[in-house]
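Trainee: If you scroll down you'll find the structure; I have some questions about it.
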Amino acid sequence: MEKFALTLRSKAAVKEYAASGFHVRYEKSLLEEIFVAIENKDADKLAWFNEFGDSIRKIVMNVHAYRKGLEFGFTEIAFDKYGWFARPIFLDYEVIQLGNSERYGEYSEILMGRGPNGIWSYALSYTFGCEGGGSALSVYDPQFASRDAALAKLKSMFTAKIGSTDTTNHKQDVILKTLKSIAALEVSRVQLALF
């Protein structure tokens, strides 16, 4: 398969890709940016876009990933062996387990880190018993000025499940143990702040 490269003559190919399916807001915006570069005969801008992949799809997704990383201060442009943008490594990366870490399925985790510009983010891996969810920490997660936002979010999620009548998905002992762990962590952070 021949590799694609954006040129001043790529307008038809970009229009065809844009019409090929449903695109989310950032894709539409980037395709418009590419159209403008073609219309303005901006070969330098098209060359910059070409650094991000060998297909329109890869270019659009990799540029978006790069720009999301910039929001956290990550500036390196690097790709994995398949040509996708490499995941930046957060600084001060920390995993906090809450609940009963002795038993699988009875603990939740906060994964947090900060970018080089001091912006923090977090991802949660949580369980209320049978119901739960989770994700890995990435530049697509919410941005915060401090590391405390994650604990507040998890506390709010678990507090909302207290007294739930869905005893299959919302096991009260798991919820209460997690809230107890959160309270203990909050106390220890206050004590550390005093010294």
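Quick note: the coordinates plus some simple rules give every number you see, no bench work behind them. These figures come from a predicted structure and were not determined experimentally. All Cβ positions, even for glycine, are placed from backbone atoms using ideal geometry, and neighbour counts span all protein chains on display.
Trainee: Is there a pair in 41/68; 28/68; 11/58; 15/58 whose C-alpha atoms are over 24 Å apart, and which pairs would that be?
Mentor: Checking Cα-Cα distances, 41/68 exceed 24 Å.
Trainee: Also, quick follow-up: For the pair residue 9 and residue 148, what calculated FRET efficiency results from E = 1/(1 + (r/R0)^6), where r is the Cβ-Cβ distance and R0 = 45 Å, to the nearest 0.05? Show your work: numbers first, answer last.
Mentor: Numbers: r = 52 Å, r/R0 = 1.16.
E(calc), rounded to 0.05, equals 0.30.
Trainee: Determine Rg/Rh for region 89-188; Rg is computed over alpha-carbon atoms and Rh is the Kirkwood hydrodynamic estimate from the same atoms.
Mentor: With Rg and the Kirkwood Rh in hand, the quotient comes to 0.99.
Trainee: On to the next question. If eta is 0.692 mPa s and T is 37 °C, what Stokes-Einstein diffusion coefficient results for region 116-168, Kirkwood Rh from Cα pairs, in µm²/s?
Mentor: It comes out at roughly 260 µm²/s.
Trainee: What is the extension gain from residue 80 to residue 41, computed as 0.36 nm multiplied by their sequence separation minus the C-alpha to C-alpha distance, in nm to one decimal?
Mentor: 11.0 nm
Trainee: Moving on. Could you give the size of the charge dipole of the chain about its Cα centre, using +1 on the Cβ of each K and R and -1 on the Cβ of each D and E, expressed in debye and rounded to the nearest 20?
Mentor: 180 debye
Trainee: Per DSSP H run of n ≥ 4, the term is -39500 (n - 2.57); total these for the chain, divide by its residue number, and report the mean residue ellipticity at 222 nm rounded to 500 deg cm²/dmol.
Mentor: -13500 deg cm²/dmol
Trainee: Rounded to two decimals, what is the ratio between the C-alpha radius of gyration of region 1-95 and 2.2 N^0.38 Å?
Mentor: Relative to the rule-of-thumb radius for its length, region 1-95 sits at 1.16.
Trainee: Report, ordered by chain and residue number, the aspartates and glutamates lying within cross-link reach of residue 153, taken as a straight Cα distance under 15 Å and ignoring same-chain residues fewer than 8 apart.
Mentor: Filter leaves 109, 141, 186.
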